[in-house]
Amino acid sequence: MTETFTPPTRFAVPGRIAVSNRAAALWQTATLTEIRRETPRASTFRFAVPAWAGHLPGQHLMLRLTADDGYTAQRHYSIASAPDDDGHVELTLDHVDGGEVSGWFHTRAEPGDEVQVRGPLSGFFAWPGDRPALLIGAGSGVVPLMSMVRHHRARGLDVPLRLLVSARGPEELIYAREYGAETLPVYTRSAPEGVPVGRLAAHHLASLLAEEPEGGWEAYVCGSNAFAEHASRLLVRAGQPVDRIRIERFG
């Protein structure tokens, strides 16, 4: 989708919505408390959402901005934070050229601004932490996967988890400071000295799939349409059961 609307300097939202057992279906106020730069074109936006009902790693929310003239813009965004981050939600957004919502966040938003959110939404891509997880993402497709990694760490889970993340180069690797032994980065255009450059390939998956734990992997793939198709085909060719591949696409 091409975004063309240029928003005004400030957005305003109605007052807070009371919490109920239908919280996920209701809009509620989220206050921006922190902005962290991740890459030259991606930043994490942390919100205080006191009435947030909680979420599972991999879920997303709907975010709404309301302009001074009453115009509204809504977007679905994956949640980056772990479920245990009570009362707060983090989103990591790329700065999309011409994007009305991402453009506002990257050029005008500041702590204290309020937006509206509704969720969490969708359970298909969610990982409750009860099964071995093989996570494969590219670019901002790593966002919902990072929620899973953070959940795994926060809870000290013993269930196996591995992350393979693809980026054009080290400078575009979102969350680079947080990755540990569970993560294998793949660089497609530039890489640190001694690290090969190239598209995600079968040999990248081979070592991870060879570690197959008891019960097998549940694979989670997130990225552009092209990346999701490519990664899922590689998984199937390597023997991963089709019904154990969950895909989330963007773009």
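The values are calculated or read from the model by the stated rules, or taken from the named source; none is laboratory data. Owing to the predicted nature of the structure, the values given are computational and were not obtained by experimental measurement. So basically every Cβ, Gly included, is an ideal-geometry build from the backbone, and we count neighbours across all protein chains shown.
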**Message:** I'm checking my understanding of the structure. Among residues of region 37-51 that are closer than 12 Å to Val89 by Cα and free of Cβ contacts under 8 Å to residues at least 40 places away in the same chain, which one is surrounded by the fewest Cβ atoms within 10 Å (Cβ to Cβ)?
**Reply:** Pro50
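Looking at Arg246, Arg237, which one is among the basic types (Lys, Arg) and in contact with a strand residue (DSSP E or B) (Cβ under 8 Å, 6 or more places away or on another chain)?
On the way: Arg237 fails: in contact with a strand residue (DSSP E or B) (Cβ under 8 Å, 6 or more places away or on another chain).
The conditions single out Arg246.
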**Request:** Collect the residues in region 60-93 that are in contact (Cβ under 8 Å) with a residue 60 or more places away in the chain, of a type outside the set (Ser, Thr, Tyr), part of a strand (DSSP E or B) and within 19 Å of Ala42 (Cα to Cα), keeping them in residue-number order.
**Result:** His60, Leu61
**Message:** Given the criterion surrounded by 16 or more Cβ atoms within 10 Å (Cβ to Cβ) and more than 11 Å from the chain's Cα centre (by Cα), identify the matching residue among Leu61, Leu65, Leu93.
**Reply:** Leu65
**Asked** Hey, Leu208 hits all of (1) of a type outside the set (D, E, K, R); (2) in contact with a Gly (Cβ under 8 Å, 6 or more places away or on another chain); (3) touching a residue at least 60 places away in the same chain (Cβ under 8 Å) but one; which does it fall short on?
**Response** (2)
**Request:** Determine which single condition Ser224 fails, assuming it passes every other condition in (1) closer than 30 Å to Gly99 by Cα; (2) surrounded by fewer than 19 Cβ atoms within 10 Å (Cβ to Cβ); (3) touching a residue at least 40 places away in the same chain (Cβ under 8 Å); (4) out of contact with any helix residue (DSSP H, G or I) (no Cβ under 8 Å at 6 or more places or on another chain).
**Result:** (4)
**Request:** Please verify whether region 231-249 includes one or more residues that are surrounded by 14 or more Cβ atoms within 10 Å (Cβ to Cβ) and hydroxyl-bearing (Ser, Thr, Tyr).
**Result:** yes
**Prompt:** Using beta carbons and a limit of 8 Å, which pairs, at least six apart or on different chains, have the first residue in region 230-251 and in contact (Cβ under 8 Å) with a residue 40 or more places away in the chain and the second one surrounded by fewer than 17 Cβ atoms within 10 Å (Cβ to Cβ) and outside any loop (DSSP other than H, G, I, E, B)?
**Reply:** Phe250/Ser224
**Message:** Could you go through region 116-135 and let me know if any residue there is out of contact with any Gly (no Cβ under 8 Å at 6 or more places or on another chain), within 21 Å of Thr33 (Cβ to Cβ) and among the aromatic types (Phe, Trp, Tyr).
**Reply:** no
**Asked** Among the residues of region 169-181, which ones are surrounded by 15 or more Cβ atoms within 10 Å (Cβ to Cβ) and within 20 Å of Ala154 (Cβ to Cβ)?
**Response** Ile174, Tyr175, Ala176, Tyr179
**Request:** Would you check which residues across region 16-59 are assigned to a loop (DSSP other than H, G, I, E, B), at pLDDT 95 or above and not hydrophobic (A, V, I, L, M, F, W, C) and list them?
**Result:** Pro40, Arg41, His55, Pro57, Gly58, Gln59
